[in-house]
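One structure is given here, and the rest of the page talks about it.
The values are calculated or read from the model by the stated rules, or taken from the named source; none is laboratory data. Just so it is clear, the structure is predicted and the values come from calculations on it, not from any experiment. Positions of Cβ are generated from backbone atoms using ideal geometry, with glycine treated the same way; all protein chains shown enter the neighbour counts. Ligands, DNA and RNA are excluded from the accessible area calculation, which covers all protein heavy atoms including side chains. Shrake-Rupley method; radii C 1.70, N 1.55, O 1.52, S 1.80 Å.
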Amino acid sequence: MSIFDEIIWDPKAIEQESLRQIADYVRDLDLSPGEKAVVSRIIHTSGDPALAAQVCFHPRAVAAGAAALKAGVHIYTDVSMLEAGINRRRLARYGGQVHCAVHSPDVVAEAKARGITRSAVAIERFGRQLQGQVVAIGNAPTALFTLLRMIQEGLRPALVVGMPVGFVGAAQSKDLLMQTDVPYITIPGTRGGSPLAAATINALLYLD
C-alpha cells in the first residue's frame, strides 16, 4: 500500500476529519459553543492550533453578529481578498451582500491625492452606510483606525471583525478596538489576515 492509498480524497470527509481533530484544541477553552465554532474555523483556515487561545470576543459579539447576518445586514470589507472569501451564497440566503470599494476609481484617486491607503478611504466613504451593519477588516490597520474614529463619532456597527495583519499599526488598532463598546471579534498582536476574517464571518453564517 502506498501513501496515496491512505490519503482522504473526499472533500467533505477531509473537512469532517479536520474539524474532529480541531475539537481537541478547543474543547477545554472557556468559550461559548458559538465562540468555539468561530475559533474552530479560524484554526481550520490557518492550520495553526496556537490561535485557539488567541481569539478575543466582545461578550455580545457572536450573538449580535449572527443575528445581524441572519436579519439581512450587509458586510463591508477593507480588501477584495476578504470580500472573495465570504460565502456569498449563504449570505444571500438571508438577503445580505458584500461590499468592497478599494478598487473604485474615486477611492484610488482620493487615496493618491491624500497620501493614505485606499482601504482607509473606502471605509471613510462608506460612512453612515456602516450603521448597524457588519464591518470586516482583514488587512489594513488604517481601515480599522478609520472605522474606530467613526465609532468615536457615534457610528455603531452591529459587529466589527477586526483582524488587520502586520507590524505597523495592526496591534495598536486592535488594542483600541477592544476598548470600545461595539461588539467585536479580533486577534491581538500582529497576527490576522483576510482568510481568518472571512473564516470568522463564514462561521457566524453557519451557526444554528
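The figures follow:
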| item | result |
| --- | --- |
| Residue count, region 1-27 (criterion: part of a helix (DSSP H, G or I), at pLDDT 85 or above and open to solvent by 70 Å² or more (accessible area, probe 1.4 Å)) | 8 |
| Flag if Ala122 is small (Gly, Ala, Ser) and not in a strand (DSSP E or B) | yes |
| Residue in region 131-154 that is acidic (Asp, Glu) and free of Cβ contacts under 8 Å to residues at least 12 places away in the same chain present | yes |
| Members of region 36-46 that are more than 13 Å from the chain's Cα centre (by Cα) and without any contact (Cβ under 8 Å) to a residue 60 or more places away in the chain | Lys36, Ile43 |
| Condition check for Val39: open to solvent by 30 Å² or more (accessible area, probe 1.4 Å), among the β-branched types (Val, Ile, Thr), part of a helix (DSSP H, G or I) and closer than 25 Å to Val165 by Cβ | no |
| Some residue of region 179-196 being surrounded by fewer than 23 Cβ atoms within 10 Å (Cβ to Cβ), basic (Lys, Arg) and closer than 19 Å to Arg60 by Cβ | no |
| Any hit, region 57-75, residues being small (Gly, Ala, Ser), out of contact with any helix residue (DSSP H, G or I) (no Cβ under 6 Å at 6 or more places or on another chain) and over 30 Å from Ala122 (Cβ atoms) | no |
| Residues of region 107-130 that turn out to be closer than 19 Å to Leu177 by Cα, exposed (fewer than 14 other Cβ atoms within 10 Å of the Cβ) and not charged (D, E, K, R), as a count | 1 |
| Within region 153-177, considering residues that are hydrophobic (A, V, I, L, M, F, W, C) and under 13 Å from Ala197 (Cβ atoms), the one surrounded by the fewest Cβ atoms within 10 Å (Cβ to Cβ) | Val165 |
